[in-house]
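Colleague: Please see the structure below; I have some questions.
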Amino acid sequence: MGRIWFIRHGQTSFNVTSGLWHKAGDPPEGAGFQYTEEYIDPGLTQNGYSQIEASKQQILNLPIEIVYVSPMLRTLETCDIIYRNHENKPHIIVQPLFTEWLHVNHDIPKYPNDYKQRFDYFDWSFYGNNYFIKDIVKNHYIDRISDDDPTSSLLQIIKNASPEVVESRRELYERTIKGKELLRDAARDKNVAVIGHSAFYRHFTSKINENGEFYGQKLLNNGEFAEILFEE
């Protein structure tokens, strides 16, 4: 079996604001930033670019042959920084399954968008032409997404649902299981990487005990990467 790595995207403006909010002690009035249009699918900050540049050579030294990348702008930009000028690019596949946990504005993908043109050397064959959230998250919240304006309507759904989340932790965990199955299959004879998100990675590496509690989750900072070792 091949080897598998997980790479977290670089810093975004939401990461900066969220970090300051937590540092201030999570004042309830500060949570409003999680439900504004400002932080829908942001790209990397300048510091985010620098974080990926700092990790770039180490990642390029890894014998990666296939890369799965989330269709969020921050992960697409992270992948592009690493591989655009690499002479032996791996097969880069945009895979909606690896998008972030859907619970605040930062996790809402913009649609429609020009990402296919901007990152035209990526393989978009798994992306489709519809709003992919409806395919990877299926519950009564998702059924309310407007086909005419899915991005804005999803933001309103998330805001109205708070303090509940639109995609439950259990639903995300089950999605990571599907991700593991995909990676196991891809890594039968290839070395593989995922360029993704922090909450997805935490649930990807966690387990559930008999009481339904999550434990054993691992963390990655912006721009960090780690090898994934599956237990047989």
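All of the numbers you see were taken from the coordinates with simple rules; none came from a lab. These figures come from a predicted structure and were not determined experimentally. Counting neighbours? That spans all protein chains shown, and the Cβs are built from the backbone with ideal geometry, glycine included.
Colleague: Considering only DSSP beta bridges whose two residues both sit in segment 4-228, what percent are antiparallel, to the nearest 5?
Modeller: Bridges in segment 4-228 that DSSP calls antiparallel: roughly 35 percent.
Colleague: Could you give the length gained by full extension between Lys89 and His140, i.e. 0.36 nm per residue of separation minus their alpha carbon distance, to one decimal place?
Modeller: Difference between extended and current length: 14.3 nm.
Colleague: If you don't mind, there's one more thing I want to ask. Note down the magnitude of the dipole of the chain about its Cα centre, charges +1 on Lys and Arg C-beta and -1 on Asp and Glu C-beta and zero elsewhere, to the nearest 20 debye.
Modeller: With Lys and Arg at +1 and Asp and Glu at -1, about 420 debye.
Colleague: As a test of understanding, state the convex hull volume per residue of segment 155-232 from its alpha carbons, in Å³.
Modeller: Here the figure is 128 Å³ per residue.
Colleague: Near Phe122, within a Cβ-to-Cβ distance under 9 Å, what is the net charge of the other residues, with Lys and Arg +1 and Asp and Glu -1?
Modeller: Its environment carries a net charge of -2.
Colleague: Using a basic spin-label model with each label point 7 Å from the Cα along Cα→Cβ, how many nm lie between Leu20 and Lys110?
Modeller: Result for the modelled spin labels: 2.2 nm.
Colleague: Additional query: Can you list the residues, at least 5 places off or on another chain, whose amide H is less than 5 Å from the amide H of Tyr68, using H built in the peptide plane?
Modeller: Sorted by chain and number, the residues that satisfy this are Ile93, Ala193, Val194, Ile195.
Colleague: Is segment 51-141 rounded, prolate or oblate when judged by the Cα gyration tensor, a ≥ b ≥ c being the square roots of its eigenvalues, rounded requiring a/c under 1.5 and prolate requiring a/b larger than b/c?
Modeller: Prolate, because a/c is 1.5 or more and a/b exceeds b/c.
Colleague: Then there's this: Among Ser152, Gln51, Asn139, pick out the residue whose Cα is farthest towards the positive end of the charge dipole of the chain, where Lys and Arg carry +1 and Asp and Glu carry -1 on C-beta, about the Cα centre.
Modeller: Of the listed residues, the answer is Gln51.
Colleague: For every other residue with a beta carbon closer than 15 angstrom to the beta carbon of Arg8, add +1 if it is Lys or Arg and -1 if Asp or Glu, then tell me the sum.
Modeller: Result for the neighbourhood of Arg8: -2.
Colleague: Over the residues of the chain, compute the C-alpha Rg and express it relative to 2.2 N^0.38 Å.
Modeller: The reported ratio for this selection is 0.99.
Colleague: Tell me the relative contact order for the chain as a rounded percent, counting alpha carbon contacts under 8 Å between residues six or more apart.
Modeller: The normalised contact order for the chain reaches 34 percent.
Colleague: With 24 Å as the limit, write out which pairs from Lys134/Lys218; Lys138/Lys159; Lys134/Lys178; Lys178/Lys218 have Cα-Cα distances beyond it, or answer none.
Modeller: Lys134/Lys218
Colleague: Quick check: Cα centre of segment 116-150 to Cα centre of segment 171-212, how many Å?
Modeller: 20 Å
Colleague: Right, something else. So what J values fall out for segment 168-176 if you push phi through Karplus, 6.51 cos²θ - 1.76 cosθ + 1.60 with θ = phi - 60°, rounded to Hz, Gly and Pro as x?
Modeller: 3J(HN,Hα) across segment 168-176, in whole Hz: 5, 4, 5, 5, 5, 4, 5, 5, 5.
Colleague: Starting from the Cα of Phe214, step 7 Å along the direction of its Cβ; do the same at Trp124; then give the gap between the two resulting points in nm.
Modeller: With each label placed 7 Å out from Cα toward Cβ, I get 3.1 nm.
Colleague: Additional query: May I ask you to list the trypsin sites (Lys or Arg not before Pro) in segment 57-113 that are in a DSSP loop and have at most 16 other Cβ atoms within 10 Å of their Cβ?
Modeller: Within segment 57-113, the qualifying trypsin sites (Lys or Arg not before Pro) (loop, at most 16 other Cβ atoms within 10 Å) are Arg84, Lys110.
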